[in-house]
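Colleague: A single structure is presented below for examination.
The values are calculated or read from the model by the stated rules, or taken from the named source; none is laboratory data. As the structure is a computational prediction, the values presented were derived from the model and not from experiment. As a convention, Cβ positions derive from the backbone with ideal geometry for all residues, glycine included, and neighbour counts pool all protein chains shown. The accessibility values were calculated without ligands, DNA or RNA, using every heavy atom of the protein model including side chains. Shrake-Rupley method; radii C 1.70, N 1.55, O 1.52, S 1.80 Å.
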There are 2 protein chains.
Amino acid sequence: MADLNRPISFHLSHTDAESAARCGVLHTPHGDVETPVFMPVGTLGAVKGLDTAAVRATGTRMVLGNAYHLALRPGEEIVRELGGLHAFMNWQGPILTDSGGFQLYSLAKMTNVTEQGASFRSHIDGSLLELTPERSVEIQEALGSDVAMTLDHVVSLPNSPETIVDAMERTIRWAARCRDARRRDDQALFAIVQGGLDVELRLACSARLIEMDFDGFAIGGLSVGETPEEMERILRHTVSALPADKPRYLMGVGRPQDLLQAIGYGVDMFDCVMPTRNGRNGMAFTDRGTLKLRNQRHQRDPRPLEEGCPCLACRHSRAYLRHLFMAGEMLGPILLSIHNLTYYQRLMSAARTAILEDRFTAFCTQRHGDWSA
Amino acid sequence: MADLNRPISFHLSHTDAESAARCGVLHTPHGDVETPVFMPVGTLGAVKGLDTAAVRATGTRMVLGNAYHLALRPGEEIVRELGGLHAFMNWQGPILTDSGGFQLYSLAKMTNVTEQGASFRSHIDGSLLELTPERSVEIQEALGSDVAMTLDHVVSLPNSPETIVDAMERTIRWAARCRDARRRDDQALFAIVQGGLDVELRLACSARLIEMDFDGFAIGGLSVGETPEEMERILRHTVSALPADKPRYLMGVGRPQDLLQAIGYGVDMFDCVMPTRNGRNGMAFTDRGTLKLRNQRHQRDPRPLEEGCPCLACRHSRAYLRHLFMAGEMLGPILLSIHNLTYYQRLMSAARTAILEDRFTAFCTQRHGDWSA
């Protein structure tokens, strides 16, 4: 049942008996979503190469857009005029929009950060874009996503302690400004925990954001240069410090094994470009590990990528898919994006079932065994 | 009812009362196809950017592949091993394969033609490919298309009379060699009429090919540099010289108005890259003429490309489609390819209905009026 006092609400259905993995339902103005949930990335209002009907057919129920990119192209006012991002991209389900904070990291060479906000030289035409916390909220409200994110200050890792503390403190101040700038009551706002690879900083950041009572909490600033072990340590400690009754979102991560690990620590939401980007580059995810479709060994292979996979790509042979990549046919990237998203969504679905049946740890062990077989 | 003595058979259903336009059914080993029929081009075993399920959803019932390109990549023996081109590309309907003759024109700089055949320097790796009439039939039989084409000698226009006569005579000798090289009895073979812009040559070529009793006849060597008026004249005279009881195929043409004109002269089959290529470049066909989606005037336009069009693209606004092109999202080319193929197939369907109702001329007049409105 939805909480009438909040734009979204989160209800825990079950927590695994042997781990912190949990199943829940996220109620949003555009429908309910079972968690753990994986959100494909539709930066510019499209999951690359896939119409929304194809996106839905992969099992996807919630997608991600990006405030920075959509403000530049086509401009959030055009999206608002055309009925908001849902109508614009013809996606009926929930949408989460990132605030543009990640672009402070990914476009750092073109960015100048002050206490007021970030100034970007547009990567398209060199024009100046000011992104303050207030402006980020304004953009996201014009887009009309179900979940908006606070503007955070993402820095690369490793970095100096001073830089990391400074970015964390600014992230907290900016989160408060985002909260104060909200005008819409039908859009949730999640805050983002920063603090680099310092557990104490992460816990301090979490505690101060929790006091501000956001609708959910995200862990940001990971997968930006650190080792898997470092990410694991930060993730484990940070997740356990977040309130159990709010959704927890790990931003920009990752491989299937990363998702299972994070679910085991109690993460509910994910986004990552990996299934689509790697798909476009000819890599397919399967239960037996990854396949590189350009490899000569697939030249005459009549098998589908994955037996039993219901996706469009798996109606074809590996030999055909390889041919598409070797011939430069755009259908290759399209079909592998479809397959990889279907793979991720089937993994999430299987994980949810395993949690409900209190066998999540055994499920992970089996999957890891298969992947490395 | 299919003719049991031939791999395909053609039955005329109706001829328009006021023109030579006609409706028929082409019976093939992979199902029946109503004519006039438009075949999208799947040169390399894929209609660019579209899975076969999407191709079928446009109303397409028959597609085209290319012997030259598939022999180079992935190689026709690999296609044969994987069950033939139908299985390879997962297309259950009829397929026509071009012989490679058009590549003598389009890749002329890398080609050397002798009486024996054509030698190509591969446009991929520079290796030498010999394409004789016998080899073209061998490739097409390995691919297992429903309709194979004879190897013809296509030259650019304008050209010297000697060159055109020489190419026409060679086309006839090569057609005979193709016929003699056939081994499969489940594949039709169409001959191709050449002769440049000389009506007498075209009629002579037609007469000599008709004597050899092919399963169908194509008009080749048009849309290679001549004016629309020149094409119209050649087309009109040539079509009327072809036997009424065999399918007539106009190769590589063209715009919607070209198709209607040719149907009016009695052409039954078409292929052209225009709907997909122009779609990839941001041009959409509509009943009110073409739209260039990159144009600024579509920036805020909430309308679909075409009211009442059932295609996936028309679930979106022109503003969204423009945004996809401006942002370089591959979904733009995909959606416009879908729309344009749907447009062509709906045009063919409407033309068939108009012919059956003896109002094809009025139908053409109305469409021309709409296009230029």
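Colleague: Does region B:66-78 contain at least one residue that is open to solvent by less than 30 Å² (accessible area, probe 1.4 Å), under 30 Å from B:Glu329 (Cα atoms), within 14 Å of another protein chain (Cβ to nearest Cβ) and among the charged types (D, E, K, R)?
Modeller: Taking every residue of region B:66-78 in turn, none turns out to be open to solvent by less than 30 Å² (accessible area, probe 1.4 Å), under 30 Å from B:Glu329 (Cα atoms), within 14 Å of another protein chain (Cβ to nearest Cβ) and among the charged types (D, E, K, R).
Colleague: Against the condition farther than 19 Å from B:Ala175 by Cβ, modelled with pLDDT of 95 or more, of a type in the set (Ser, Thr, Tyr) and touching a helix residue (DSSP H, G or I) at 6+ places or on another chain (Cβ under 6 Å), how does B:Thr276 come out, does it pass?
Modeller: For B:Thr276, the condition - farther than 19 Å from B:Ala175 by Cβ, modelled with pLDDT of 95 or more, of a type in the set (Ser, Thr, Tyr) and touching a helix residue (DSSP H, G or I) at 6+ places or on another chain (Cβ under 6 Å) - is met.
Each row is one residue, and each column tells you yes or no for (1) modelled with pLDDT under 95; (2) surrounded by fewer than 23 Cβ atoms within 10 Å (Cβ to Cβ); (3) in a loop (DSSP other than H, G, I, E, B).
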residue: A:Ala2; (1), (2), (3): yes, yes, yes
residue: A:Pro7; (1), (2), (3): yes, yes, yes
residue: A:His11; (1), (2), (3): no, yes, no
residue: A:Ala17; (1), (2), (3): no, yes, yes
residue: A:Ala20; (1), (2), (3): no, yes, yes
residue: A:Cys23; (1), (2), (3): no, yes, no
residue: A:Leu26; (1), (2), (3): no, no, no
residue: A:Asp32; (1), (2), (3): no, yes, no
residue: A:Phe38; (1), (2), (3): no, no, no
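Colleague: So A:Ile192 ticks every box in (1) touching a strand residue (DSSP E or B) at 6+ places or on another chain (Cβ under 8 Å); (2) buried (at least 23 other Cβ atoms within 10 Å of the Cβ); (3) farther than 23 Å from A:Arg255 by Cβ but one. Which box is left unticked?
Modeller: Of (1) touching a strand residue (DSSP E or B) at 6+ places or on another chain (Cβ under 8 Å); (2) buried (at least 23 other Cβ atoms within 10 Å of the Cβ); (3) farther than 23 Å from A:Arg255 by Cβ, only one is false for A:Ile192: (3).
Colleague: Would you confirm whether any residue within region B:266-284 is closer than 28 Å to B:Pro36 by Cβ, crowded, with 20+ Cβ neighbours inside 10 Å and of a type in the set (Val, Ile, Thr)?
Modeller: Yes, because at least one residue in region B:266-284 is closer than 28 Å to B:Pro36 by Cβ, crowded, with 20+ Cβ neighbours inside 10 Å and of a type in the set (Val, Ile, Thr).
Colleague: Considering only region A:311-338, how many residues are hydrophobic (A, V, I, L, M, F, W, C), outside any helix (DSSP H, G or I) and within 7 Å of another protein chain (Cβ to nearest Cβ)?
Modeller: Here is the first cut: in region A:311-338, the ones hydrophobic (A, V, I, L, M, F, W, C) are A:311-314, A:319, A:321, A:324-327, A:330-331, A:334-336, A:338.
Those still in the list that are outside any helix (DSSP H, G or I) too: A:311, A:327, A:330.
Now drop any that are not within 7 Å of another protein chain (Cβ to nearest Cβ), which leaves A:327, A:330.
Number satisfying all stated conditions: 2.
Colleague: Tell me which residues, restricted to region B:216-229, are open to solvent by 60 Å² or more (accessible area, probe 1.4 Å) and either touching a Lys or Arg at 6+ places or on another chain (Cβ under 8 Å) or assigned to a helix (DSSP H, G or I) (or both).
Modeller: B:Pro228, B:Glu229
Colleague: Hey, could you check region A:79-102 for residues that are under 20 Å from A:Thr132 (Cβ atoms) and surrounded by fewer than 23 Cβ atoms within 10 Å (Cβ to Cβ) and say which is nearest to the other protein chains (Cβ to nearest Cβ)?
Modeller: As a first pass, look at region A:79-102 and keep what is under 20 Å from A:Thr132 (Cβ atoms): A:79-80, A:97-102.
Subsequent filtering for residues that are surrounded by fewer than 23 Cβ atoms within 10 Å (Cβ to Cβ) retains A:80, A:102.
Details: A:Arg80: 11, A:Phe102: 18 Å.
The residue in question is A:Arg80.
Colleague: Just checking, which of B:Ser122, B:Ser136 is away from chain A (no Cβ under 14 Å) and either open to solvent by less than 50 Å² (accessible area, probe 1.4 Å) or among the polar types (S, T, N, Q) (or both)?
Modeller: Just a single option satisfies the conditions, and that option is B:Ser136.
A quick yes/no check of all residues on (1) in a loop (DSSP other than H, G, I, E, B); (2) out of contact with any Gly (no Cβ under 6 Å at 6 or more places or on another chain); (3) free of Cβ contacts under 8 Å to residues at least 24 places away in the same chain:
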position	(1), (2), (3)
B:His69	no, yes, no
B:Ile78	no, yes, yes
B:Leu85	no, no, no
B:Gly93	yes, no, no
B:Leu104	no, yes, no
B:Ile124	yes, yes, no
B:Leu129	no, yes, no
B:Glu134	no, yes, no
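Colleague: While we're on this one: Within region B:340-357, does at least one residue satisfy the condition of being away from chain A (no Cβ under 14 Å) and outside any helix (DSSP H, G or I)?
Modeller: Yes, region B:340-357 contains a residue that is away from chain A (no Cβ under 14 Å) and outside any helix (DSSP H, G or I).
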